[in-house]
Amino acid sequence: MRSHLCGVLRSEHIDQTVTLCGWVDRRRDHGGVIFLDVRDRAGIVQVVFDPDTVEAFALADRVRSEYVLKITGRVRARTDATINPNMATGQIEVLGKELVILNQAETPPFQLDEHTSVSEEVRLHYRYMDLRRTEMQQKLVLRSKITSAVRASLEDQGFLDIETPILTRATPEGARDYLVPSRTHPGQFFALPQSPQLFKQLLMVSGFDRYYQIAKCFRDEDLRADRQPEFTQIDIEASFIDESDIMGITETMIRELFSSVLNVDLGDFPRMTYADAMERFGSDKPDLRIPYELVSVDDLMQQVDFKVFRAPADDPEGRVAALKIDGGAQLSRKAIDDYTDFVGIYGAKGLAWVKVNQLAEGVSGLQSPILKFMPDEIVMSLMERIDAKDGDIVFFGAGKRQMVEESMGALRIKVGHDMGAVAARWAPLWVVDFPMFEKAGDGSWTALHHPFTSPSCTPEELEANPGQALSRAYDMVLNGTELGGGSIRIHDQAMQRAVFRVLGIEAEEAEEKFGFLLQALKFGAPPHGGLAFGLDRLVMLMTGAQSIRDVIAFPKTQSAACVMTDAPGTVDAKALRELNIRLREQKAQSAE
């Protein structure tokens, strides 16, 4: 039906006759001449109709916003006075000769331009309209380019695209599974995969030593602002490799991706241990664009009588950390109170602070309500350790280590953004040497990544001291966001059983849930490992979007619902009977 896309026309097309198809973005009537801005996914072009083409002009007079048109006309140069430098097609226009209205349109539910301020719920309800907006189309076009570049990079490195099942069985991967009842196996359920983890490991046992897949995954999580119940992973696994190998493969992929799609050189990918990241930044995904760091001052606080600092400093599970903010002495008391409320979200009972006014005057040149509780020499030793300067402010976190690191790490990010201290650059890194396990609320051990991650010790050492065991895991982080995480997997049955025992999974349960994996490990499983990237999160970063919902064509809301199709919905009684399911009656809510 068309010879060209609207957005591709340029000066080299002048004097050519073209046929375009698209939507009316704007209609203007100027002195008897009708201007239509016609839009398709490639962009917008201006089409002019004058009264000389009587039939086309009459039809152009009828069209309104979002009408679907087919237009034939001649490309011509705009006059110097009418060139639009803000449009890619701004040096030319099309003189319309023929016009066909392919479909009419009612008034759109909201304005389809970059200034749209309608609520997200309305946008998602009319998602097919929202996706017509140039901003949204550019994001999804870039997403397509990203997946193409990923495929090209991995296939150049010898990886095979292999699909794994969507209907599988439930496995413990940190979130609830979406369950699918089986009609042919009454009372039994499939699960939608949280990841292709076990299948890709079995592919390694099968001899397909380099696998990848752009895979749909599903997690039935509680409400979270920027999570989706269904999401997309770039899933990668390889055999006969170690950590450096898989990190090199995926680093090459990300470098090539940013270079080809954004023309960006990411530079070096430094490596940082998990322990160092938590100590210096209070986060296992530190944003290196922000110059502030946490500094431990426990040894100094052990020398003061101020219990707020002394008690956690003496506690093996406690920590006292200082966070120096360059130029922060300008902060008002209200701003400090707001930051105090902010760290309270993470369990902090307060936020101590010291303003550095005139350091050369000693303690008298400092301003803080806590100075009277500490000896002058400790205060000055503290200022020296954190390299304080006039005009700085120092915040303190004190309490249990996890709370201090979470609260002060979050404060570091917030203050960095508030103070405009976020450098305009890309800051990638690898975080390595994660703990193998962490303590659950009931005192039992849980896997920090997943139970198929290989520890960096023997099975005997692992079971003797699980709290000290490190894993062979690694995360790629970019600008404070985890792009992807992975590990070297367990390929030895004895090690896998030892991990299960530490996690409280006894032999009978292990056979029932993972018997197929344990059996496969007996038949020559090679050393292998991999990594999975969150595609939605990666595209969000590369497009500068504020939410992953802006880079997914048809996302769910925060409550895991689709307001466009009104899903999830009810199912009729006949379908439920076929599935051997009976719904419990919901208790009627009191009118009171």
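Inverting the pair-averaged 1/r between distinct Cα atoms of region 290-422 gives 14.6 Å as its Kirkwood hydrodynamic radius. Annotation: the residues LYS200, LYS522, sorted from fewest to most other C-beta atoms within 10 Å of their own C-beta, follow the order LYS522, LYS200. Computed on the chain, with alpha-carbon pairs under 8 angstrom and 6+ residues apart, the relative contact order is 13 percent. Across the options VAL48, PRO369, ALA553, the greatest Cα extent toward the positive end of the charge dipole of the chain (unit charges at beta carbon of Lys, Arg, Asp, Glu) belongs to VAL48. Adding -39500 (n - 2.57) for every DSSP H run of four residues or longer, then dividing by how many residues the chain holds, sets the calculated 222 nm ellipticity at -9000 deg cm²/dmol.
Selection among VAL499, ALA421, TRP445 by position relative to the dipole of the chain gives ALA421 as farthest towards the positive end (Cβ unit charges, Cα centre). Taking the alpha carbon gyration tensor of region 397-555, multiplying each eigenvalue by 5 and rooting it gives semi-axes of 35, 21, 14 Å, largest first. Based on C-alpha pairs under 8 angstrom that are at least 6 apart in sequence, region 6-103 has a relative contact order of 34 percent.
For region 197-273, treating each Cα as an identical point scatterer without solvent, what Debye log10 I(q)/I(0) comes out at q = 0.12, 0.24, 0.25, 0.27 1/Å? Reported log10 I(q)/I(0), two decimals: -0.52, -1.10, -1.11, -1.14.
Computed from backbone phi, the HN-Hα couplings of region 210-221 come to 9, 10, 8, 7, 9, 10, 7, 10, 9, 9, 8, 9 Hz, rounded to whole numbers (Karplus: 6.51 cos²θ - 1.76 cosθ + 1.60, θ = phi - 60°; Gly and Pro given as x). Take 378-391, 528-541 and order them by the average number of nearby Cβ atoms within 10 Å per residue, most first; the result is 528-541, 378-391. On the beta carbon distance between SER381 and VAL54, with R0 = 60 Å, the FRET formula returns roughly 0.10. Value of Rg to Rh for region 6-103, rounded to two decimals, is 0.92; Kirkwood radius and Rg both from alpha-carbon coordinates.
For region 290-422, the relative contact order is 36 percent, taking Cα pairs closer than 8 Å that sit 6 or more residues apart in sequence and dividing their mean separation by the residue count.
Put in order of Cβ neighbour count within 10 Å, fewest first, the listed residues PHE554, PHE208 become PHE554, PHE208.
About its Cα centre, the chain has a charge dipole of approximately 1640 debye under the convention of +1 per Lys or Arg Cβ and -1 per Asp or Glu Cβ, with nothing else charged. For region 6-103, a simple Cβ point-charge model (Lys and Arg +1, Asp and Glu -1, everything else neutral) yields a dipole of about 240 debye relative to the Cα centre. Projecting the Cα positions of PRO165, VAL320, VAL304 onto the charge dipole of the chain (unit charges on Cβ atoms of Lys, Arg, Asp and Glu, taken about the Cα centre) puts PRO165 furthest along the positive direction. DSSP H helices in the chain with Cα extent of 18 Å or more along the helix axis and mean Kyte-Doolittle hydropathy at least -1.0? Qualifying helices: 134-156, 243-262, 401-418. Reported to the nearest whole Å, the Cα centre-to-centre distance from region 218-262 to region 138-170 is 10.
By the Cα gyration tensor, the chain has an equivalent ellipsoid whose semi-axes, rounded to whole angstrom, run 50, 37, 25 from largest to smallest. Set the Cα radius of gyration of region 104-242 against 2.2 N^0.38 Å, with N its number of residues, and you get 1.38. When you filter the GluC sites (Glu not before Pro) in region 197-247 for DSSP loop state and at most 15 other Cβ atoms inside 10 Å of their Cβ, you are left with GLU221.
Values quoted throughout were computed directly from the atomic coordinates according to the rules given, and no laboratory measurement underlies them. These numbers come from a predicted model, not from an experiment. Note that we place each Cβ from the backbone using ideal geometry, even for glycine, and neighbour counts take in every protein chain shown.
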